[in-house]
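Below is one structure, written out as structure tokens; comments come after it.
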Amino acid sequence: MSRLFEKRRNVPKRVEARELNERTVVKLATERKHLTDIIKMVAYQAESDLVALLRPHYARVDQEGRTLLHELFATEGDIRVADSELKITLAPLSSPHRTQAAQALCEILDKTASIFPGSCLRIRFAMRPPRRIGLAFPSSPVERGRSAVAAPAP
């Protein structure tokens, strides 16, 4: 066991790539690097355009616009094909004001009447309505049922 500790102690904390075998160093060809850079720039520009669409609907767009979009891109949802439409319904986001901003963005994108690439399906965007949480009955239905059973009859 002490041999293993000694061996581990002697392993360098950092190893430079040039010290490794040249076969293990992966370097993209110039053309591939340019292509990946172009794809990244196009994606960033598309994200910037979406942030601009959010601007009138989200007060903190300068501070949180891209974060909101990343949350929107990662949220769960439903995809359904109906008639000549591809319906994308997204789950509510982490807060009501973010969900409202996302709903506004969905309405704007819905008006573009975009067609899903490689098909003739029109893309429809929507947000699933948030769950209703009322304060009139703060306990769960099970707890309310128990208290009704325990109450004496008049």
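Some notes on this structure:
- Of all the listed residues (Gly145, Gly118), the sole one being farther than 19 Å from Ala74 by Cβ, of a type in the set (Gly, Ala, Ser) and modelled with pLDDT under 90 is Gly145.
- When Asp62, Asp78 are checked against the criterion of being of a type in the set (Asp, Glu) and in contact with a helix residue (DSSP H, G or I) (Cβ under 9 Å, 6 or more places away or on another chain), a single residue qualifies: Asp62.
- Selection count where residues are without any contact (Cβ under 8 Å) to a residue 24 or more places away in the chain and either assigned to a loop (DSSP other than H, G, I, E, B) or surrounded by 11 or more Cβ atoms within 10 Å (Cβ to Cβ) (or both), scope the stretch 81-107: 5
- If you check Asp62, Asp110 for being in a helix (DSSP H, G or I), surrounded by fewer than 11 Cβ atoms within 10 Å (Cβ to Cβ) and more than 17 Å from the chain's Cα centre (by Cα), only one passes: Asp62.
- Hits in the stretch 68-90 (condition: out of contact with any strand residue (DSSP E or B) (no Cβ under 7 Å at 6 or more places or on another chain) and more than 20 Å from Asp49 (Cα to Cα)): Glu76, Val81, Ala82, Asp83
The values are calculated or read from the model by the stated rules, or taken from the named source; none is laboratory data. The model shown is predicted, which means the values in this text are computed figures rather than measured ones. With ideal geometry, Cβ positions are generated from the backbone for all residues, glycine too; neighbour counts draw on all protein chains shown.
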